[in-house]
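Asks: Let me give you the structure first, and then I'll get to my questions.
The values are calculated or read from the model by the stated rules, or taken from the named source; none is laboratory data. None of the values given here were measured: they were computed from a predicted structure. Virtual Cβ from ideal backbone geometry, glycine too; neighbours counted across all protein chains shown. Ligands, DNA and RNA are stripped out before the accessible areas are found, and what is left, the full protein with its side chains, is counted by its heavy atoms. Shrake-Rupley method; radii C 1.70, N 1.55, O 1.52, S 1.80 Å.
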Amino acid sequence: MADEIVIDKQLFHERLNNFVTKWKADKRSGDSIFSGATSIATVVGKASEPGSYLKPAAFQLWLLGYEFPATLFVLTPDLVQIVTTKKKAAYLEPLKGGKVPIEILVRGKDADENKKQFQSCLDTIKNAGKKVAVLKKDSASGGFADEWKATLQAADIKDEDQVDLAPILSNAALSVKDEKELRVIRDASRASSALMTSYFVEEMSDILDSEKKISHRALSDKVANKIDDPKFFQQQKVSKNFDTMQLDWCLQPTVQSGGSYDLKFTSEPDDNNLHAGVIISALGLRYQTYAAMVGRTYMVGPNKEQESAYKLLLSIHELIIKSIKDGVVAKDVYNKALSHLKSKKGEWEKHFPKNVGYGIGTENKDSALLVSGKNTRVLKDGMTLVISTGLQDLVNPKPQDKMSKTYSLVLVDTVRVGPTDCAVFTKDTPSDLDSVSFFFNDEEEEETKPKPKTKRERPAIAQTNITKTRTRHERPTNQDAEKEAQRREHQKELHQKKQQLGLETYGKGAKSLNGTEEKRFKRFESYKRDNQLPASVANLGIVVDKKSLTVILPIMGRPVPFHIHTIKNASHTPENDFTSLRINFLSPGQGVGRKDDQPFEDPNAHFIRSLTFRSQDIDRIDNVTKDIQELKKDVVRRETEKKQLEDVVEQDKLIPLKSRKPFVLDLIFMRPALDGKRIPGGIEIHQNGLRYSHGDGHTRIDILFSNMKHLFFQPSQHELIVIIHVHLKNPIMIGKKKAKDVQFVREATEMQFDETGNRKRRHKFGDEEEFEQEQEERRRRAALDKEFKNFAEKIADAGRNENVSVDIPYRELGFNGVPSRSSVLVQPTTDCLVQLTEPPFTCITLSEIEIVHLERVQFGLRNFDLVVVFKDYKVTPVHINTIPVESLDPVKDWLDSVDIPFSEGPLNLNWAMIMKTVTQDPHQFFADGGWSFLNAESDDEGGDDEQEESAFEVSESELAASDESSEDESDFDENASEEMSDEGSEDEFSEGEDWDELEKKAARKDRETAMEEEDEGRKPSKVVKSGKSSGKSSGGGGGGSKRKR
């Protein structure tokens, strides 16, 4: 898609104009740079190898920021002609319209048409002048490049008219960097130095110290894999906005030892083991397509001759760096270094390299900028060089072992040419003799003697067994009471702080927060002029103009338009041969609902409440009614959709990675699901966000790091899926719906495995096979969790500049509740309270919570509710209902631990009215005590309990008096106990009567009771009352009342 690649048009034209300006100036000053070339032809064939760019590709990166394979550039001072494919042409099309005209020729499948395009390019070259600049050593390959080379060769351009393009591009474009390029190369250098100093040296030291055996290739691969560890580079603090996702290799780590050395670093590491002697290591990182290198020589137990040789090499290296500055000729730097070597060790001239450096940037090695004895190139401010000083295959007069007979030394640094001196970008990797010398065989220093430990006398009594309580059952009660007291005290402090903050925030005169002040009358205009009315109004009939959202009614012989927003509803009532159409209009004081709050321009004006029309044409009136109702529904629906999409913000465009392939997680389903067939897709991590590509290959969803509020990883433990969840700051559109939560999941259970025919099933049966399946399931889940967690961490590392970090729910702190439709596990995280398993998802940011109230907390209820009130009072409080009462104390402990004030009460409160009160006058709300009314309610409940309990506390004298009174009234108690014993003795039930007998007894008893009541002329309810009113009633009546009660 064209939105994948976005070329910086301003930067492109700025660099192109500078290039053309240098070209024209060079023509006037003697053609010293462009050698008289009147046109330039540069072609890129196949895509470059990873980490390596040749001159044409480097030129494209410099101009466009991207490499475009199978693309031809033909440049003249007055025109840029580009031949490329249709897809690439779409990316280049926006570049048109600059100072230098750009012509894009789209290459297709028609061979004749393609030949015409190349012929057009040849015509441009010939019309520009005689000489054309092309690469003399052109290594471009592929069908496109070969076809262009054949066309150019057939054009019969003389050899003397073909100028080498390499030095032209080096001089006019690639060698001198601007400030942005220099900062990028500096960051690449710092990252390379960090990897060399903080990782390779430590690894090498540990290997040599522990005498482990490891091959050069294995150690090199170990260092190379460190590029995938973003935390390492984050700890090194390369730069403020350093993005590890933009790193790539320009020189794979290479380790050499044991007498075999290649100081050009062109050969791959061999399989020989690391030798504890002279060890050479070099590596180079590429950051945002710009490269840097660093290399060092490390010596294990060097002799004096080797130390002297290294000191000499270091002095030459430092001399070269001091000699480099603006205006110096490259060959003078080399000759100065060679002269110094000759003066110290003339016989070592043959061991000195033919060049001591070269240019570096988007191109790994700029051969036109060699620091050699023959290059007359003048160094300029802004150039970046790799200085590589070495001595190859020196003879060791006192070899430590067979593999130390010959050795080589090298120092590699990335530097920047300055106006008066040279800045070393890789200076963080030390090169002095002490830093590169290691001695592992010396006698170790005597260990410091440990201080004698003072002998502590064992006490006669084990003090830890002495407790403050006499019995065991008292101890947890005391601990719980102490814990509860601490929690109450802490909550009291939190509530006081919240109250103080509210008074400070909403001082006297604070405005209302409910938004009613902002409501204004919205004018609706149907027509501006008379001639805009439909022609059908001439018949003085009822016209529904859907285009203008207007209903035109005939009143007093005139068509009167009414906008649909003024109409409340319409209905018609058939009556015999007539029908009545009634249209009700909106007017003040019509109802008591929220719609009555709508403003009017003048509420005291006269309003038409309704109009009624009678007609004999029942079908027409029916159609008009339907049209008005449908128009009203459409308008309401559109307004609702518009209101829903108010907070949807259009994101910036995703910037895809250019330097390497992005990290991908495949076989992923997204929630909310996209329309269409359920097909898994993949997530990619790009420079400034994520991209989910649906399995159909057409649909893509981009999520930018700048729009991420929270990032969660939920493992598959006790779940059927593993989740990466993104909670957004602003909703985005997914299909036709907006979403503030986007989730990427994969099922944790593996359903596709063979239940029959498995070889293991033939030998293993029963529990053993089930055990193996369980083990395999656990392993699969662990691998899946690890894969998702690593990917989530990579997302966080890529978006760390936007403060994106991974949060994992604490399942052990979770509790069941109903935030929406069903009971789910709600789990706290470090920053949030979340429910990520079932849609609709719940994500509450803890820092946005004002207070939490626990409702229906009373003895006897099995569940309670939790209400979250936000600091933004205009946000509706969130309810999590039906939480088991067993979770009450854990929820309180968690809320207290995260410093959230909470309160509790026995009833459900009307939060709509409470929040309306708060938002209408926040100052008065906090002046009246703020949220303390919630605590007052719970305190009153607690006080009632205390009063009830205190009613049962009696003194010893009262207890004695009650004993005496109980003896006086013992007659009633004895009679009652006898009656009760007669009714429910154990002997009665010991025989185990069947149901039939029990039913007969019950029916007989009911008849006897009814007859007694008829004889006494009293109703059953009065028996109960008499029983309550008189404690001394005798006979069956008293006993009956006692039983009923």
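Asks: For segment 9-173, report the accessible area per residue in Å² (1.4 Å probe, heavy atoms, rounded to an integer). Walk me through the numbers on the way to the answer.
Replies: Values: 7670 Å² over 165 residues.
Per-residue value: 46 Å².
Asks: Cα to Cα, under 25 Å, and not fewer than 8 places away if on the same chain: which lysines meet these conditions relative to Lys158?
Replies: Correct list for Lys158: Lys24, Lys27, Lys55, Lys115, Lys116, Lys126, Lys130, Lys131, Lys136, Lys137, Lys149.
Asks: Heavy atoms only, probe 1.4 Å: what % of the accessible area of segment 208-341 goes to carbon and sulfur, would you let me know?
Replies: Working: 2480 of 5630 Å².
Answer for segment 208-341: carbon and sulfur cover 44 percent of the accessible area.
Asks: Let me ask something additional. Rounded, prolate or oblate for segment 9-173? Axes are the square roots of the Cα gyration tensor eigenvalues, ordered a ≥ b ≥ c, and the cut-off for rounded is a/c under 1.5. Each step should come with its number before you reach the end.
Replies: Values: a/c = 1.34, a/b = 1.14, b/c = 1.17.
Note, shape of segment 9-173 comes out rounded.
Asks: May I ask you to list the trypsin sites (Lys or Arg not before Pro) in segment 659-730 that are in a DSSP loop and have at most 16 other Cβ atoms within 10 Å of their Cβ?
Replies: Numbers: sites: Arg660, Lys677, Arg678, Arg691, Arg700, Lys709, Lys729; in loops: Arg660, Lys677, Arg678.
In loop regions of segment 659-730 (DSSP not H, G, I, E or B), the sparsely surrounded trypsin sites (Lys or Arg not before Pro) are Arg660, Lys677, Arg678.
Asks: Amide H to amide H under 5 Å from Ile851: which residues, 5+ apart in sequence or cross-chain, H placed 1.01 Å off N in plane?
Replies: Correct list: Val869.
Asks: Separation between the Glu103 and Asp421 pseudo-spin-labels, each 7 Å from Cα along Cα→Cβ, expressed in nm?
Replies: Placing both labels 7 Å beyond Cα along the Cβ direction yields 5.2 nm.
Asks: Return the subset of Lys46/Lys365; Lys22/Lys322; Lys213/Lys402; Lys177/Lys658; Lys222/Lys402; Lys345/Lys405 for which the Cα-Cα distance in this structure is over 22 Å, preserving the input order.
Replies: Details: Lys46/Lys365 19 Å; Lys22/Lys322 30 Å; Lys213/Lys402 18 Å; Lys177/Lys658 20 Å; Lys222/Lys402 27 Å; Lys345/Lys405 19 Å.
Those over the limit are Lys22/Lys322; Lys222/Lys402.
Asks: Carbon and sulfur: what percent of segment 811-935's accessible surface (1.4 Å probe)? Present the calculation step by step, with values, prior to reporting the outcome.
Replies: Details: 2820 of 5470 Å².
Heavy-atom surface of segment 811-935 belonging to carbon and sulfur, 1.4 Å probe: 52 percent.
Asks: Find, among the GluC sites (Glu not before Pro) in segment 167-271, those assigned to loop by DSSP (not H, G, I, E, B) with at most 15 other beta-carbon atoms within 10 angstrom.
Replies: Sparse-neighbourhood loop GluC sites (Glu not before Pro): Glu211.
Asks: Please report the carbon-and-sulfur percent of the accessible area for segment 9-173; probe 1.4 Å, protein heavy atoms only, DNA, RNA and ligands left out.
Replies: Details: 3860 of 7670 Å².
Answer for segment 9-173: carbon and sulfur cover 50 percent of the accessible area.
Asks: Averaged across orientations, what area in nm² does the convex hull of the alpha carbons in segment 179-438 project? Intermediate results must be reported in sequence, preceding the final value.
Replies: Values: hull surface 52.6 nm².
It is 13.1 nm².
Asks: How high is the relative contact order of segment 9-173, in percent, counting Cα pairs under 8 Å that sit 6 or more residues apart? Present the calculation step by step, with values, prior to reporting the outcome.
Replies: Details: 234 pairs, mean separation 47.1, N = 165.
Dividing the mean separation by the residue count of segment 9-173 yields 29 percent.
Asks: Tell me which lysines have Cα within less than 23 Å of Lys546's Cα, excluding those fewer than 8 residues away on the same chain?
Replies: Output for Lys546: Lys522, Lys528, Lys568, Lys626, Lys632, Lys633, Lys642, Lys643.
Asks: Right, next: Local charge sum around Trp23 (other residues, Cβ-Cβ under 12 Å, Lys/Arg +1, Asp/Glu -1)?
Replies: Numbers: positive: Lys22, Lys24, Lys27, Arg28; negative: Asp26, Asp31, Asp78.
With Lys, Arg at +1 and Asp, Glu at -1, the neighbours total +1.
Asks: Another question, if that's okay. To the nearest 0.05, how large is the calculated FRET efficiency for Lys354 and Thr406 if R₀ is 22 Å and r is the Cβ-Cβ distance?
Replies: Values: r = 20 Å, r/R0 = 0.90.
Given R0 = 22 Å and the Cβ-Cβ separation, E is 0.65.
Asks: So if R0 is 25 Å, what FRET efficiency would Asn531 and Lys626 give, r being the distance between their Cβ atoms, rounded to the nearest 0.05? Let's see the in-between values first.
Replies: Numbers: r = 29 Å, r/R0 = 1.14.
The value I calculate is 0.30.
Asks: Using the heavy atoms of the protein chains and a 1.4 angstrom probe, tell me the accessible area per residue for segment 179-438 in square angstrom.
Replies: Details: 10980 Å² over 260 residues.
It amounts to 42 Å² per residue over segment 179-438.
Asks: Follow-up question, since we're still on this one. Residues of segment 811-935: accessible area per residue at 1.4 Å, in Å²?
Replies: Working: 5470 Å² over 125 residues.
Solvent-accessible surface per residue comes out at 44 Å².
Asks: Right, next: Which residues among segment 557-580 fall inside the zone where the amide N is under 19 Å from a point 7 Å beyond the Cα of Arg638, along Cα→Cβ?
Replies: It comes to 561-570, nothing else.
Asks: Counting only residues 5 or more places away or on other chains, whose amide H sits under 5 Å from the amide H of Glu103 once H atoms are built in the peptide plane?
Replies: Hits under the 5 Å cutoff: Val80, Gln81, Ile82.
Asks: Quote the charge dipole size of segment 179-438 about the Cα centre in Debye, to the nearest 20; the model charges only the Cβ of Lys and Arg (+1) and of Asp and Glu (-1). Numbers along the way, then the final one.
Replies: On the way: 35 positive and 34 negative charges, 154 e Å.
The dipole of segment 179-438 has a size of about 740 debye.
Asks: For segment 315-372, give the magnitude of the charge dipole about the Cα centre (Cβ charges: +1 Lys/Arg, -1 Asp/Glu; no others), in debye to the nearest 20. Don't skip to the end; give the middle numbers.
Replies: On the way: 10 positive and 7 negative charges, 53 e Å.
The dipole magnitude comes to about 260 debye.
Asks: Still on this structure, I have one more. List the lysines whose Cα lies under 17 Å from the Cα of Lys786, skipping any in the same chain that are fewer than 8 positions away.
Replies: Lys231, Lys794
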